[in-house]
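Here the structure comes first, spelled out in structure tokens, and everything after it is commentary.
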Amino acid sequence: MSHPDNAAPQLLDPRAHELLQSVVDTARAIFGAAASSIFLFDEAAGELVFQAVSGEGQDFLVGRRFPAGRGIAGWVVGSGEPVVVDDLAHDPGFARDLAESTRFVPTALMAAPLLDSSGVLGVLEVLDPAPQARSDLAELDLLSLFARQSASALRVVTEGVPGHPHLGREATGVRAVAELDAAGRAVGLVLVDAVRDLLLAPGSRP
């Protein structure tokens, strides 16, 4: 399987990337994190692919791949469950070598699956979130909510646009985003913006 350092970047259409970039920018702001990223699951290759990054690594990580069976993100894909790790240095599931290859080794992270009725499309991570975010289980619920709504936006734009082919359970997150058309991207961005406005509204945090 490919390693992040030697994989040839596979970039999405810039307009499709805009949808996912909106998600990671919002997640980074909500949780006061050093970085946020979305990996989409390429089921055929057995890999996770960086598809949007905000903060550390955003200039070079998009398109990089790593094995889906490794690391915290890999665990989230396999389990379909969110997780918060407050001390990565002592967590046996943390793939430090993969983190080092991205040039940023966080001390803590939160991750939630991009989960919809068809399964796990990918993973939303926030790296080195503010201490209050990673110490409160309500914050993990908030990240999970945002990840679910983001997954729903992806599914809506690929299945809800007239004339767009239906994507069944076999479709991977990579295919789902790569196939977005202009109308679908617009719908998705409206949904993500609505969720962002709700989560960032004064008094909306737990």
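The values are calculated or read from the model by the stated rules, or taken from the named source; none is laboratory data. Nothing here was measured: the structure is a model prediction, and the numbers come from that model. A quick note on method: Cβ atoms are made from the backbone with ideal geometry, for glycine too, and the neighbour counts reach across all protein chains shown. The area values use the complete protein model at the heavy-atom level, side chains included, leaving out ligands, DNA and RNA. Shrake-Rupley method; radii C 1.70, N 1.55, O 1.52, S 1.80 Å.
Numbers for the structure displayed
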read-out	value
Residues that are open to solvent by 10 Å² or more (accessible area, probe 1.4 Å) and part of a loop (DSSP other than H, G, I, E, B), drawn from region 107-126	107, 117, 118
Lone qualifier among 17, 3 - being assigned to a loop (DSSP other than H, G, I, E, B), at pLDDT below 85 and either closer than 13 Å to residue 111 by Cβ or touching a helix residue (DSSP H, G or I) at 6+ places or on another chain (Cβ under 9 Å) (or both)	3
Single condition residue 167 does not satisfy, out of (1) at pLDDT below 80; (2) not in a loop (DSSP other than H, G, I, E, B)	(2)
Of residues in region 20-44 being in a helix (DSSP H, G or I) and hydrophobic (A, V, I, L, M, F, W, C), the one modelled with the lowest pLDDT	20
Subset of region 70-106 (residues that are part of a helix (DSSP H, G or I) and of a type in the set (A, V, I, L, M, F, W, C))	72, 73, 75, 76, 77, 88, 89, 98, 99
Sole residue being surrounded by fewer than 18 Cβ atoms within 10 Å (Cβ to Cβ), touching a residue at least 40 places away in the same chain (Cβ under 8 Å) and closer than 17 Å to residue 24 by Cβ, chosen from 45, 147, 130, 153	130
